[in-house]
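These notes are about the structure you will find just below.
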Amino acid sequence: MTAHTTDVAIVGGSTAGLRAAEAVVRHAPELSVTVISDEPHLPYELPPLSKTALDDRLDVDALVYPFAGSLRDRGVDFRLNTRAQSLDTKSNTVLLPDGTLSYRALVIATGCEAIVPPLFAGRFHVHALRRFEDATALRAAVADPGASVAIVGAGFIGGEFASTLVKAKRTVSLIDLAAKPLGRFGDQVADAYAALHRDAGVGLFLGSGVVDVVERNGRRSVVLDDGTRVPADVIVVGVGVRPSVDWLRSSGLTFDNGILADATLRAADNVFVAGDVVRWPNARFGTTMRIEHWTSAAEQGRAAGANAVRLISGSKGENFANVPYFWSDQHGVRIQFAGCLTGDEEIVESRTADGRLFLYHRGESVAGVLAFERRAEFVKLRALLRRELSLRTASEFIPSVRSNSGA
């Protein structure tokens, strides 16, 4: 067993971890930085995994963030193919397969892992899409134009891959227990989202769960709880994710749908958390939240890295607050959301020839905005949401508004 030391240890080699390393190098280039990643590649972009057309080559070298190589050239030690095994917050030590790594500050950015229901676990041609290797295996599985694909889970990742498949003229079905996909955004959004897929040729099976997988004459189907059989030579599971925290169970950190941290993203002495795995109080919306979006991971990574530097220098950490944001491209339509919803908002909707836009508000206070296209208006509203935004001010940017039922 070998003992290593570093100024800043970062566990997790995706977007949040990379941005944390970048922040440390930018603010304190004299500090040593070690990034622990269980992936074989330098950090790379994840969104293209579900968006890249089937007839386009998926090249991990092209997806690697260019500045990842620059950071390595500047001395950042990327320990690839290495999985952290445990954390001792009392001795400031991470246990690795080949020894220990002692740190002055630690950033945890281990993200989430896909949930695969027992019904699908271990079956041939069942795929979850989280990493580059997942994407290459899935693309190989659907290379046969005659293969039918059933996507279980009609969320954004499932919807994006359905869009990619139908564009390549594959037979694809979206299955979801919810009768209204994206229902947390309101019935109007759910209906628009379902229509987007239906009009593009995706088979929709909503409000039903998969209860069995059957094979006959070399072809496979999934059986729904109403008896319907859906062709499923290839199954893509997109029913959700869970924070990757098993290695931390003996660490003494506090868990509640992620790792609990304070407003500076600090979870314990000398320990910060960033990305999908952190749950923290977001002062912009006055609530504690965990966010599974690329933009927030990047922003939190930078903030956690900067606060790690401040800790080492003896300075006070800065609070992190943001406006959660995501985008998704499906069937040639960009869907974007910014804000924070609790479920009790009213909706103001605008329809134009350029798309649909939805404002979510409680009284006069706007909590979020979602748009199908309407890109210029969305950009303005997203910027305004950085501060308290009144419905009157927001409505000035939106023609043809009308109120609808709550979200």
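Quick note: the coordinates plus some simple rules give every number you see, no bench work behind them. Just so it is clear, the structure is predicted and the values come from calculations on it, not from any experiment. FYI the Cβ positions are ideal-geometry reconstructions off the backbone, even for glycines, and counts take in every protein chain you see.
Considering A154, A168, A141, the condition of being within 22 Å of K51 (Cβ to Cβ) and in contact with a Pro (Cβ under 6 Å, 6 or more places away or on another chain) is satisfied by A154 alone. Looking at the range 327-348 only, could you name the residues that are of a type in the set (D, E, K, R) and buried (at least 19 other Cβ atoms within 10 Å of the Cβ)? Scanning the range 327-348 gives a single hit, E345.
Residues are listed down the side, and each one gets a yes or a no for (1) β-branched (V, I, T); (2) in contact with a Leu (Cβ under 8 Å, 6 or more places away or on another chain):
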{"position": "S313", "(1), (2)": "no, no"}
{"position": "N322", "(1), (2)": "no, no"}
{"position": "L341", "(1), (2)": "no, no"}
{"position": "I347", "(1), (2)": "yes, yes"}
{"position": "G355", "(1), (2)": "no, no"}
{"position": "V366", "(1), (2)": "yes, yes"}
{"position": "R374", "(1), (2)": "no, yes"}
{"position": "A383", "(1), (2)": "no, no"}
{"position": "R387", "(1), (2)": "no, no"}
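Sub-7 Å Cβ pairs linking a first residue in the range 105-125 that is farther than 28 Å from P43 by Cβ to a second residue that is buried (at least 18 other Cβ atoms within 10 Å of the Cβ) and among the acidic types (D, E), at least 6 apart or interchain, are H125/D233, ordered by first then second residue.
Each row is one residue, and each column tells you yes or no for (1) assigned to a loop (DSSP other than H, G, I, E, B); (2) under 19 Å from the mean Cα position of the chain (by Cα); (3) surrounded by 22 or more Cβ atoms within 10 Å (Cβ to Cβ); (4) free of Cβ contacts under 8 Å to residues at least 60 places away in the same chain.
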residue	(1), (2), (3), (4)
T5	no, no, no, no
A9	no, no, yes, no
A21	no, no, yes, no
P29	yes, no, no, yes
E39	yes, yes, no, no
L58	yes, no, no, no
A62	no, no, no, yes
A68	no, no, no, yes
S91	yes, no, no, yes
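Note on the range 353-401: residues that are among the acidic types (D, E) and under 18 Å from C340 (Cα atoms) total 2.
Counting residues in the range 244-251 that are touching a Cys at 6+ places or on another chain (Cβ under 9 Å) and in contact (Cβ under 8 Å) with a residue 60 or more places away in the chain gives one or more.
From the list L224, L182, L174, which one is under 24 Å from the mean Cα position of the chain (by Cα) and on the phi < 0 side of the Ramachandran plot? Among L224, L182, L174, only L174 is under 24 Å from the mean Cα position of the chain (by Cα) and on the phi < 0 side of the Ramachandran plot. Meeting the requirement of 1 or more residues that are basic (K, R) and under 18 Å from M289 (Cβ atoms), the strands (runs of 3 or more DSSP E) wholly within the range 331-382 are 355-362. Restricting to the range 278-315, name every residue that is surrounded by 17 or more Cβ atoms within 10 Å (Cβ to Cβ), among the small types (G, A, S) and over 13 Å from the mean Cα position of the chain (by Cα). Answer for the range 278-315, where residues must be surrounded by 17 or more Cβ atoms within 10 Å (Cβ to Cβ), among the small types (G, A, S) and over 13 Å from the mean Cα position of the chain (by Cα): G301, A303, A304, G305, A306, A308.
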